[in-house]
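Note sheet for the following structure.
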Amino acid sequence: MTVTDRTAAARDAGVGVSLVDLRRTYGSLHALDGLSLDIAPGEMVVLLGPSGCGKTTALRILAGLDHADAGSVIVGGQDMTRVPANRRDMGMVFQAYSLFPHMTVRDNVAFGLRLRGQDRARRLERCREMLDLVGLSDLEGRYAHQLSGGQQQRVALARALAVEPSALLLDEPLSALDAKVRVQLREEIRRVQVDVGTTTLFVTHDQEEALAVADRVGVMNAGRLDQIASPVELYARPATRFVAEFVGLSNRVPARVEGGRAVLLGTRVPLLEGSETSGRGWALVRPESVHVGEEGEPNARVVSVAFLGPFSRVQCRLADGQVMVAQLPSSTAVHLAQDAPVRVEVRAESVLVVPE
């Protein structure tokens, strides 16, 4: 069986998950305000948003750790809304590693299997499979205090998957790790999820993390989904001002809308759906859509150049005092000196124009 065949077979083993018009209030706070979300079998959906937007509340309601005031939770075609957490067959990984300190790695991974009455031989076999999957086969006899943070979170992932859950729920699982380990482990989580094919809901406030691992990203704002789409679609075609400004950097450029196009910095650019249809507004322009060059009539001066490896972030001040941020290849940006006169232009396929 090829890798592609294995991946397809794994995804076929997943179950669909639906959150239907969920509402949850805490006093005067509307944590969820009519949230609906469908997750396809084997899909990884990441809920992204600032603190207090409702993403963790949605995950906890799916897990059965909290209840909705209204709405339904459907897993594999079954209504689980009133089913207690211990009967929902969910695997969970939290920000805190939550390993049992008095148990070895092997016993931690086997814990859920033992609760389900699996015999010792089957527990050992399944533990070895899961530890091999997360690359920790040689550490099965160690205790939590003998592991790094990244290793502990791998054990937590193996434990969650060992019981073959209907869905895997990840609540800010990488927040306690340093930057380098976070990148490594998010790639591992994605690899393991694709290999196993478990339907997964991942909650994070880190946009880079969300875009890197998701099949689809749902951006939450005040208890509702502003947009859910593939990472590429979400970044390139934001549906709302909140999504455009929360996901990635955006320049706010004065624009005039006429004839279905935005006129900004002397350039006419097609409009994204949801834009203002006439009059003046702000065009939200990604830094990589801003061109900075030394050819042509200067309309700005370089404020600063920040080297970020293969690319650099260049700030330029326009004649009206506005500062724009461009993202350029470092091989180009290295030639731009501070206070040098430059030509700044927008070269975008389309832009979102919002009210002033």
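Over all alpha-carbon pairs of the chain, lay out the pair-distance distribution in 10 Å bins, whole %, shortest bin first.
In order of increasing distance, the bins hold 5, 21, 26, 21, 15, 9, 3, 0 percent.
What angle, in degrees between 0 and 90 and rounded to the nearest 10, separates the Cα long axis of helix 105-115 from the longest principal axis of the Cα atoms of the chain?
Between the helix axis and the principal axis of the chain, the angle is about 70 degrees.
At 20 °C and 1.002 mPa s, what whole-number value in µm²/s does Stokes-Einstein give for the translational diffusion of segment 121-194, with Rh from the Kirkwood sum over Cα pairs?
The diffusion coefficient I find is 167 µm²/s.
Give the residues of segment 98-116 whose amide nitrogen is closer than 19 Å to a point set 7 Å from the Cα of Asp138 in the direction of its Cβ.
105-106
Using the Karplus curve 6.51 cos²θ - 1.76 cosθ + 1.60 with θ = phi - 60°, what ³J(HN,Hα) values do you get for each residue of segment 152-159, in whole Hz, with x for Gly and Pro?
4, 6, 5, 5, 4, 5, 4, 5
Return one number: the angle in degrees, 0 to 90 and rounded to the nearest 10, between the long axis of the Cα atoms of helix 120-133 and the longest principal axis of the Cα atoms of the chain.
The helix 120-133 is inclined about 20 degrees to the chain.
In debye, nearest 20: dipole of segment 240-352 around its Cα centre with unit charges on the Cβ of K, R (+) and D, E (-)?
Around 180 debye, computed over segment 240-352.
Please report, in debye to the nearest 20, how large the charge dipole of the chain is about its Cα centre when each Lys and Arg carries +1 at its beta carbon and each Asp and Glu carries -1 there.
Here the size comes out at about 680 debye.
Semi-axes, largest first, in whole Å: what does sqrt of 5 times each Cα gyration tensor eigenvalue give for segment 249-355?
Details: eigenvalues 130, 39, 23 Å².
Each semi-axis is √(5λ); the values are 26, 14, 11 Å.
With label points built 7 Å along Cα→Cβ from the Cα atoms of Arg128 and Ala176, find their separation and express it in nm.
3.0 nm
Hey, fewest Cβ within 10 Å first, where do Lys180, Lys55 land in order? Could you put the intermediate results ahead of the total?
Working: Lys180 9, Lys55 29.
The most exposed by this proxy come first: Lys180, Lys55.
Using a Förster distance of 22 Å, how high is the FRET efficiency between Glu295 and Ala319, based on the Cβ-Cβ distance and rounded to 0.05?
0.80
Which stretch or stretches of segment 227-264 have amide N atoms under 16 Å from the point lying 7 Å from Val303's Cα along the Cα→Cβ direction?
Within reach of a label on Val303: 249-254.
Gain in length, Asn86 to Arg256, computed as 0.36 nm per residue apart minus the alpha-carbon separation, to one decimal in nm? Walk me through the numbers before you get to the answer.
Details: separation 170, 0.36 × 170 = 61.20 nm, distance 5.67 nm.
Length difference between fully extended and current span is 55.5 nm.
At a threshold of 8 angstrom on Cα-Cα distance, excluding pairs fewer than six apart, so keeping six or more, what relative contact order does the chain reach in percent?
Numbers: 761 pairs, mean separation 59.5, N = 356.
Relative contact order for the chain comes out at 17 percent.
Computed over the Cα atoms of segment 128-276, what is the convex hull's projected area averaged over all directions, in nm²?
For segment 128-276, the mean projected area of the Cα convex hull comes to 11.4 nm².
Each value in this text was obtained by applying a stated rule to the coordinates, not by laboratory testing. This is a predicted model, so every value here is computed, not measured. When we count neighbours, we look across all protein chains shown, and the Cβ atoms used for this are built from the backbone with ideal geometry, even at glycine.
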